[in-house]
1. Can you name the strands (runs of 3 or more DSSP E) wholly within the stretch 156-203 that have at least 1 residues being in contact with a Lys or Arg (Cβ under 8 Å, 6 or more places away or on another chain) and under 21 Å from residue 141 (Cβ atoms)?
2. Tell me whether the stretch 170-192 contains one or more residues that are aliphatic (A, V, I, L, M) and under 17 Å from residue 35 (Cα atoms).
3. Could you check the stretch 222-257 and list, in sequence order, the residues that are touching a Gly at 6+ places or on another chain (Cβ under 8 Å) and touching a residue at least 60 places away in the same chain (Cβ under 8 Å)?
4. Output yes when any residue across the stretch 232-240 is buried (at least 17 other Cβ atoms within 10 Å of the Cβ), on the phi > 0 side of the Ramachandran plot, modelled with pLDDT of 95 or more and of a type outside the set (A, V, I, L, M, F, W, C), and no when none is.
5. Is it the case that some residue within the stretch 128-138 is among the aromatic types (Phe, Trp, Tyr), in contact (Cβ under 8 Å) with a residue 60 or more places away in the chain and within 20 Å of residue 180 (Cβ to Cβ)?
6. Would you mind stating whether residue 140 is within 27 Å of residue 257 (Cα to Cα), at pLDDT 95 or above, surrounded by 17 or more Cβ atoms within 10 Å (Cβ to Cβ) and touching a Lys or Arg at 6+ places or on another chain (Cβ under 7 Å)?
7. Taking the stretch 84-126 on its own, how many of its residues are in a loop (DSSP other than H, G, I, E, B) and under 19 Å from residue 179 (Cα atoms)?
8. When you look at residue 106, is it surrounded by fewer than 22 Cβ atoms within 10 Å (Cβ to Cβ), touching a His at 6+ places or on another chain (Cβ under 6 Å), of a type outside the set (A, V, I, L, M, F, W, C) and under 25 Å from residue 192 (Cα atoms), yes or no?
Amino acid sequence: MTPKIPALVRLIALIASLSIGSIAIAEESTTLKSCVFDWNTRVEKPTGVGIYRGVTDKPSETLERFECHITTLHAGNESHPPHQHPQEEFIILQEGELDVHINGVDHRIGAGGMFFFASYDWHAVHNVGDGPATYLVFNYESGETRKVRREPAANWAPKTALASAVFPWSDGNGAREFFNSPTVTLNNLKGAITQLAPGENSAKSTSNPAATVLAVRDGELDVTINGEHSKIGRGSIVFISSNDKHTLSNSGDSDTVYYVFQMTTDKTPKS
């Protein structure tokens, strides 16, 4: 039976509206929400100098773009020649030993250390150890990123802004803060290490307006976000959206050590 013209028109309109709705849902899903990225689920892709593991590359409520990946460099190799870009990044060295190049100066750093590259500062890393060097890379862009000068931040950034630097690991220090200050593209960036003893909770349930990133250094971390529970180990990464309720705890039999980073911009929602 052939439908009458008015009925056919209504049917076409209905299909079109459903398609538009599906597109809207797909577009909404491209915004990064609270998520756990288990080390064991990362897909390894060989490169000419090591291994690449993708994690995420999306905008969030606070950031225009948040990109994360994990790189392994084979012994004796470098990531790339010194280069520069507008987005800032912080990096955690999970294993190995690196020379970190910042604006013509090399800084030696070992496993557990981290480093920060400010906008347009020249940078690169070189594996100077005998084995592989694996590091977690976090790039971000804010509304300010496209406005920064196209020259190294070291030449013009205000003294209050976080400068490119390396932060070595120190055994036995437990919880400590690396930095807590504005950058040239963020209202504030906080980086710290937290340690949980077996059976300890960081808090019963808490939330924070800042976009928060966690990375497990040692042990296992129990993560509950908006009622969803995950148990993750070394090298795993967590992104917590603004104001999402979460609980962090250690149900294992050894200490859990993890990094915490919090980013705020003009887009960050209020608490």
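1. Details: elements: 165-167, 176-181, 188-196.
In the stretch 156-203, the matching strands (runs of 3 or more DSSP E) lie at 176-181.
2. no
3. Answer for the stretch 222-257, where residues must be touching a Gly at 6+ places or on another chain (Cβ under 8 Å) and touching a residue at least 60 places away in the same chain (Cβ under 8 Å): 233, 234, 255, 256, 257.
4. Yes, the stretch 232-240 contains at least one residue that is buried (at least 17 other Cβ atoms within 10 Å of the Cβ), on the phi > 0 side of the Ramachandran plot, modelled with pLDDT of 95 or more and of a type outside the set (A, V, I, L, M, F, W, C).
5. There is at least one residue in the stretch 128-138 that is among the aromatic types (Phe, Trp, Tyr), in contact (Cβ under 8 Å) with a residue 60 or more places away in the chain and within 20 Å of residue 180 (Cβ to Cβ).
6. So residue 140 fits the description; yes.
7. So the first thing to find is which residues in the stretch 84-126 are in a loop (DSSP other than H, G, I, E, B), and the list is 84-87, 96, 103-104, 111-113, 118-122.
Imposing the further condition that a residue be under 19 Å from residue 179 (Cα atoms) reduces the set to 87, 111-113, 118-119, 121.
So the count comes out to 7.
8. no
The values are calculated or read from the model by the stated rules, or taken from the named source; none is laboratory data. Model, not experiment: these values are computed from the prediction. We place every Cβ from the backbone using ideal geometry, glycine too, and count neighbours over all the protein chains shown.
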